[in-house]
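The values are calculated or read from the model by the stated rules, or taken from the named source; none is laboratory data. Just so we're clear, the structure is a prediction, and the values are computed from it rather than from any experiment. Neighbour counts run over all protein chains shown; Cβ positions are idealised from the backbone, glycine included. All accessible areas refer to the heavy atoms of the entire protein, side chains included, with ligands and DNA or RNA removed. Shrake-Rupley method; radii C 1.70, N 1.55, O 1.52, S 1.80 Å.
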Amino acid sequence: MGTSIWPLFLLIGSNLVYQTCSKCSSRDANPFAILTVVYIIAALGSFAMFLCCGKGGGTIVENIRAMNWANYVLGLSIIGLEGGFLYLYRTGWNVSVGPICSYTGVAIGLLFIGFLFFNEQIPWRQIVGTSLCLGGIALISFKS
């Protein structure tokens, strides 16, 4: 298949930092003020990465012209994603439980999206795996 594993490690490491920083984020600041600063930093960092690593891919203007609707909706969805985690932690969710519940819900939703819109198959292994995830959610959510 030729699958590279480094993006997985990048995602895991970045998500660990992301969740930790979201949990430790100031409760005195408005979550959307926090996101404004976060996105300014992310925009500057992304532009710096474009300049140093985007060789051969055209100018920033050419790249913006090549984008489609999904790129803009992605930007909007990130506001809900980031704001959702900030509010999740502010309302008392544990960092060890909240993301697991949310990502399991995302995985289940993506099974249906993949099937309905991208003609992906749902083999029995995914059904069993999803059932195990839901069982795990029940176990970690149960208060004794």
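Count charges around residue 85 for me, please; just the other residues with Cβ under 15 Å from its Cβ, Lys/Arg as +1, Asp/Glu as -1.
Here the charged neighbours net out to +2.
Can you give the accessible area of residue 74, probe radius 1.4 Å, in Å² rounded to 10?
Counting only protein heavy atoms, residue 74 exposes about 100 Å² to solvent.
What accessible area per residue comes out for the chain, rounded to a whole number of Å², with a 1.4 Å probe?
76 Å²
Counting only protein heavy atoms and using a 1.4 Å probe, what share of the accessible area of region 72-144 belongs to carbon plus sulfur, as a whole percent?
Carbon-and-sulfur percentage of accessible area, whole number: 74.
Which value does Rg/Rh take for the chain over its C-alpha atoms, Rh per Kirkwood?
Value, to two decimals: 1.01.
For 102, 22, give me the order by solvent-accessible area with a 1.4 Å probe, most accessible first, ignoring ligands, DNA and RNA.
102, 22
What's the longest piece of the chain with no exposed trypsin sites (Lys or Arg not before Pro), counting a site as exposed if DSSP puts it in a loop and it has at most 13 other beta carbons within 10 Å?
The answer is 56-142.
With the cut-off at 14 Å, report for region 91-144 the share of all Cα pairs above it, as a whole percent.
Within region 91-144, distances greater than 14 Å cover 59 percent of Cα pairs.
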